[in-house]
1. What nm value, rounded to one decimal, do you get for the distance between residue 40 and residue 75 when each label is placed 7 Å out toward the C-beta?
2. I'd like the per residue volume of the convex hull spanned by the Cα atoms of segment 83-132, given in cubic angstrom.
3. Report for the chain the percent antiparallel among DSSP-assigned beta bridges with both residues inside it, nearest 5.
4. What does the highest-first list of 64-73, 8-17 look like by mean Cβ count within 10 Å?
5. Using only DSSP helix segments of four residues or longer, with each worth -39500 (n - 2.57), what per-residue ellipticity at 222 nm results for the chain after dividing by its residue count and rounding to 500?
6. Above 12 angstrom, tally the Cα pairs of segment 184-227 and express them as a % of all pairs, no decimals.
7. Based on the mean of other beta carbon atoms within 10 Å per residue, what is the order of 46-55, 132-141, most packed first?
8. Using label points projected 7 Å from each Cα along Cα→Cβ, tell me how many nm separate residue 149 and residue 167, to one decimal.
Ligand code: ADE
């Protein structure tokens, strides 16, 4: 899979992909992540990528030309299954959407800045709009990093222990159960006896019960299938 991210502040996206699982996934060829500076496509002599909004509204808007030229150039090189715009008024990101994107094809992400991108790009070019939550970030870059991380970590081969991604919170609409490591007793703080019993069937049942109880108390909305 290839993920191309269009931004006016590429530096913001240097470190999120340069370590741990996401770096390893790139090293092993599971994913190719390319961050592009939208200014490289600007035809303006000062490399401008924004302009004043129509209607006398305050702020600046990202113009169509550099973004569309960047997308057209990328689309000449390969096919993309989604062109995603990160925006607080997009669809709120959930694990089901992440799962779907991870088995789809290549993705272009557009990071908005200032007041956002010209609406006509959203109408004619963008295929999916994603919000990572009901709060406003100073740009779409951190949202693009969140979305990329969530997609890449579940790509086959990204996590060594294949089981691990499957037991995440949300993967079955349940939060993850509590987890412990050594020592079994830390100054009187005990690990539940069942986890040390060696009875794998009983442990699995206990973990399911714990996941359900935790979901019921913290996120009952997840148990309500219609929500
Ligand atoms: N850009 C600014 N805020 C955002 C958010 N909450 N989600 C996605 N993109 C954004």
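1. It works out to 1.9 nm between the two label points.
2. 72 Å³
3. On the way: 4 of 25 bridges.
Percent antiparallel among DSSP bridges in the chain is about 15.
4. My ranking of the peptides, most packed first, is 64-73, 8-17.
5. Result for the chain: -9500 deg cm²/dmol, rounded to the nearest 500.
6. Here the long-distance tail beyond 12 Å is 68 percent of all Cα pairs in segment 184-227.
7. Numbers: 46-55: 13.4, 132-141: 15.4.
Going from most to least packed, we get 132-141, 46-55.
8. Reported label-point gap for residue 149 and residue 167 is 2.2 nm.
Rule-based calculations on the coordinates, nothing more; no lab input. Quantities reported herein were computed from a predicted structural model and do not represent experimental measurements. In this analysis, Cβ positions are derived from the backbone assuming ideal geometry, glycine residues included, and neighbour counts consider all displayed protein chains.
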